[in-house]
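*Asks:* Quick one: the structure is below, and I'll ask about it shortly.
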Amino acid sequence: MKTDAVRGHLDGLLLSVLESGPLHGYAIITAVQERSNGALELRKGTIYPALNRLERLGLLDSDWESTGERRRRRYALTDAGRRALATERTTWREFTAAIGSVLDPAPAPGTAT
């Protein structure tokens, strides 16, 4: 699926994969790819600016984790991030219901299918 397909939904995707606990950037990319069964592939150049923006907005916290000689930035949801994720989910459900009702309308009562 093209990267453009996630435009407008990236924040929700990032917040969602961080709901279960802190992750570093590559693990976030991997989690999105696994959850989407390979349909969504995010690039580093896409997620890091978004993660930094979400942190500036107070939706994420980050810290540095050392693994051997490597240091990686780990991101975690804040309470505000959890509230934002709940809002994203509600908005997504409303959006998909509206689009679904146009693309796949229910038959009018009393009509044959």
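*Asks:* May I ask you to list pairs of residues, at least six apart or on different chains, whose Cβ atoms are under 9 Å apart, with the first in the range 42-61 being farther than 12 Å from LEU10 by Cβ and the second being in a loop (DSSP other than H, G, I, E, B) and not polar (S, T, N, Q)?
*Replies:* These pairs meet every condition: LEU60/LEU18; ASP61/PRO22.
*Asks:* Name the pairs whose Cβ atoms lie under 7 Å apart, with the first residue in the range 84-100 and closer than 15 Å to GLY8 by Cβ and touching a residue at least 40 places away in the same chain (Cβ under 8 Å), the second of a type outside the set (Gly, Ala, Ser) and assigned to a helix (DSSP H, G or I), and 6 or more positions between them or separate chains?
*Replies:* Here the result reads ALA84/LEU15; GLU88/ASP11; GLU88/LEU15, each pair linking the range 84-100 to a residue that is of a type outside the set (Gly, Ala, Ser) and assigned to a helix (DSSP H, G or I).
*Asks:* Okay, moving on. Any idea how many residues of the range 12-48 are in contact with a strand residue (DSSP E or B) (Cβ under 9 Å, 6 or more places away or on another chain) and closer than 17 Å to LEU85 by Cα?
*Replies:* The number of residues fulfilling the criteria is 10.
*Asks:* Could you please find all residues in the range 64-78 being more than 17 Å from LYS44 (Cα to Cα) and free of Cβ contacts under 8 Å to residues at least 12 places away in the same chain?
*Replies:* Residues satisfying the conditions are TRP64, SER66, THR67, GLY68, GLU69, ARG70.
*Asks:* Got at least one residue in the range 12-22 being within 19 Å of THR90 (Cα to Cα), of a type in the set (Ser, Thr, Tyr) and surrounded by 14 or more Cβ atoms within 10 Å (Cβ to Cβ)?
*Replies:* yes
Rule-based calculations on the coordinates, nothing more; no lab input. Small disclaimer: the values here were computed from a predicted structure and weren't measured. Quick reminder, even Gly has a Cβ in these numbers, built from the backbone with ideal geometry, and neighbours come from all protein chains shown.
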